[in-house]
1. If a residue has to be farther than 24 Å from TYR528 by Cβ, assigned to a helix (DSSP H, G or I) and hydrophobic (A, V, I, L, M, F, W, C) to count, how many in the stretch 366-384 make the cut?
2. Filter the stretch 396-407 down to residues that are free of Cβ contacts under 8 Å to residues at least 24 places away in the same chain and more than 27 Å from the chain's Cα centre (by Cα), then give me how many there are.
3. Please work out which residue is modelled with the lowest pLDDT, limiting yourself to the stretch 246-284 and to residues that are hydroxyl-bearing (Ser, Thr, Tyr) and surrounded by fewer than 17 Cβ atoms within 10 Å (Cβ to Cβ).
4. Among the aliphatic types (A, V, I, L, M) and in contact with a Gly (Cβ under 8 Å, 6 or more places away or on another chain), is that true of LEU134?
5. Going through the stretch 463-494 one residue at a time, which ones are outside any helix (DSSP H, G or I) and either modelled with pLDDT of 90 or more or over 13 Å from ALA427 (Cα atoms) (or both)?
6. With respect to the numbered conditions (1) of a type in the set (A, V, I, L, M); (2) within 26 Å of GLN629 (Cα to Cα); (3) within 29 Å of the chain's Cα centre (by Cα), which one is the sole condition not fulfilled by LEU576?
7. Would you be able to say whether some residue in the stretch 616-625 is touching a helix residue (DSSP H, G or I) at 6+ places or on another chain (Cβ under 6 Å), outside the structural domain of SER175 (by TED's automatic domain parsing) and closer than 30 Å to TYR322 by Cβ?
8. Here are some residues: GLU75, GLU95, GLU116, GLU139. Which one is touching a residue at least 60 places away in the same chain (Cβ under 8 Å), within 26 Å of ARG502 (Cβ to Cβ) and within 19 Å of the chain's Cα centre (by Cα)?
Amino acid sequence: MIKDIHKLVKEYWGFDNFRPLQQEIIQSILDGNDTLALMPTGGGKSLCYQVPGLAKEGMCLVISPLIALMKDQVEHLRKKNITAYSIYSGMSYKELVRTLKVVTESNCKFLFVSPERLETNLFKEYLPGMGVNLIAVDEAHCISQWGYDFRPAYLRIAALREELPNVPVLALTASATEEVQKDICDKLRFQVIGHQSSNTTEWKVFRQSFERPNLSYSAFKVESRINKILEIIQKVPGSGIIYCKSRKRTREISDLLRLQGVQADYYHAGLTNEERNRKQEDWIRNRIRIIVCTNAFGMGIDKPDVRIVVHADVPDCLENYYQEAGRAGRDGKTSYAVLLYNNEDLDQLEEMLNQRFPTLEDIRMVYQAVANYLQIPVGEGPGNYYDFDISDFLKKFKLNSHTALYSLKALEQEGWLSFNEQVFLPATVQFTTNKDYLYTYEKNHPSLESVIKTLLRSYEGIFDHTIPVSEKVIAGILRKEADDIISQLSELHHAGILEYTRQKDTPQLLFMRSRIKAEEITINQAGYNRRKDQLLRRICDMIDYVNENNLCRSSVIAGYFGDKDVKPCGICDNCLRGKGIAMNKQEFETIHHRIVNIVKYESLHVRDLLLKMNGIKKEKAWKVLEFLQAEQMIEMDQNGRVHFK
């Protein structure tokens, strides 16, 4: 029996209505169709699998490459009293078995899985007992070799379909070209799924418009980035993000902004998990105004009131630019996406091709260096994780950072190893003794009594299975230092009272296959060259976007993704420049002066304002109105009333 989706979305999310296309996507899934959903960042993708997952009997299996995002989704669902778990790379065997047992033996509605876990024998053993009703593939562009972020582990999803032949698949992505869309459907083996009552089901594609009518795109050629950034954030009030390519530049720009009295901080993957969480929370709570970051920041963060996204460096493709710029203005209010560049940036973008695709000799050299660094002998089996300090590795082997990083990427895409800089494995605890012995132990070790009691009171089910805990939270409850709690938990672990694993947020490297001699490393040269050609085209499209002086930027971006029906936005730099040409300076200033004088003293509906502009063509008045709105001099509310700012 399928539950009413409108009642579910009201009960669990408090929404009276669905966002555009959400209901159609959900209905397609409930009808049994394989479905591809292209929804821009902030478009409400997660609801598209969460609602049908709840509506149907059984469990929804969600495949996601991002551990942090899985963790956030599980927490959000649990807060709504919806049973959800996650399994991912880096979990211990015991923890994995316990989680799989709980999933199969409970009323679990959502299981989040990293793609690397799909083909393990352990996962396959428990899969038949999960009662899977839907497979949701997040970041689905990762399955396409022609996508900008191809991950070979995603190719295993197709094999999963053989185990679950009558289960529909929902593929979700924020940005995919038409070629990548076709490849996603092909790699996921989208098919007709016959029902007992009907054999007319088919796979379907739903695409939200790539139009963002409230987002003003612009690109500026600059000599001084910091001066332009200061000018922008002084003109536009509100929260902002500044994206940079290097970790070093995030700190430099953040420091310069603070010297000018701007509340700013920096963020990148090289910080500890605690630092990243603190900085992210400060920005979300508006304790700081501007976050200066690498592209490690932003995924899964839903902050609706971001007014400015500035790219201090040119991204390598429009897919990344669209996703990152799209973090501005999710509340529907006028916001700005600004790209800064100079000739040197564009030259570096063209030179990037050979950096991104090192030679086979370089790839073999880096593989050998990794094996030497981690002291892995030839023949050592796959599946082992290693702490991998990339900075220390580069320093010890005197390697070029680009050569090393992109050789690691190539080795990952060819299935030799997997390197993840953004790892967070929370601390876990489970009591391994019985309650009677624990009571005796407490009496004999009074210094540990308070931490034992805090664990028992704060974490339900801690005797039954492994529970994620926070040493920092426990320390706060007991008014102690986190290091003291870590020491006490370690003491209890060594005494056999509980099993304790410390939090881990260091980069991890996983060997996918047995270690072999470097000269035996091979790659699929044809596929490698095809991906190189694809990158060249993406770079050329990015450079063309930067250099475009006439066409509407919103239309250019939408057209890149195959959305050909987007009309000129009227508020990007090119549209505003075009409007300036349509009338001379004197006409523009006259209309500008009249509008300001009218709305300065009274707020009125736009149609009434236009009526007061007698003797002036409506089209010209509209152009000046849109300009003033884009410049934040006036504001138009949802009812069409114009206010002076």
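The values are calculated or read from the model by the stated rules, or taken from the named source; none is laboratory data. Given the structure is predicted, the values throughout are model-derived calculations rather than measurements. So basically every Cβ, Gly included, is an ideal-geometry build from the backbone, and we count neighbours across all protein chains shown.
1. First pass over the stretch 366-384, keeping only residues farther than 24 Å from TYR528 by Cβ: 372-381, 383-384.
Add one more test, that the residue is assigned to a helix (DSSP H, G or I), and what stays is 372-374.
Retained after the next criterion (residues that are hydrophobic (A, V, I, L, M, F, W, C)): 374.
Residues that pass the stated criteria total 1.
2. Step one: list which residues in the stretch 396-407 are free of Cβ contacts under 8 Å to residues at least 24 places away in the same chain, which gives 396, 398, 400-401, 405.
Cutting the leftovers down to more than 27 Å from the chain's Cα centre (by Cα) gives us 396, 398, 400.
Counting residues in the stretch 396-407 that are free of Cβ contacts under 8 Å to residues at least 24 places away in the same chain and more than 27 Å from the chain's Cα centre (by Cα) gives 3.
3. Here is the first cut: in the stretch 246-284, the ones hydroxyl-bearing (Ser, Thr, Tyr) are 246, 250, 254, 266-267, 272.
When the remaining residues are screened for being surrounded by fewer than 17 Cβ atoms within 10 Å (Cβ to Cβ), the result is 246, 272.
Details: SER246: 89, THR272: 80.
Residue satisfying both the conditions and the ranking: THR272.
4. yes
5. Applying the first criterion (outside any helix (DSSP H, G or I)) to the stretch 463-494 yields 463-470, 479-481.
Of everything in the stretch 463-494, those that are outside any helix (DSSP H, G or I) and either modelled with pLDDT of 90 or more or over 13 Å from ALA427 (Cα atoms) (or both) turn out to be PHE463, ASP464, HIS465, ARG479, LYS480, GLU481.
6. Of everything listed in (1) of a type in the set (A, V, I, L, M); (2) within 26 Å of GLN629 (Cα to Cα); (3) within 29 Å of the chain's Cα centre (by Cα), LEU576 misses just condition (3).
7. yes
8. Working: GLU75 fails: touching a residue at least 60 places away in the same chain (Cβ under 8 Å); GLU95 fails: within 19 Å of the chain's Cα centre (by Cα); GLU139 fails: within 26 Å of ARG502 (Cβ to Cβ).
The match here is GLU116.
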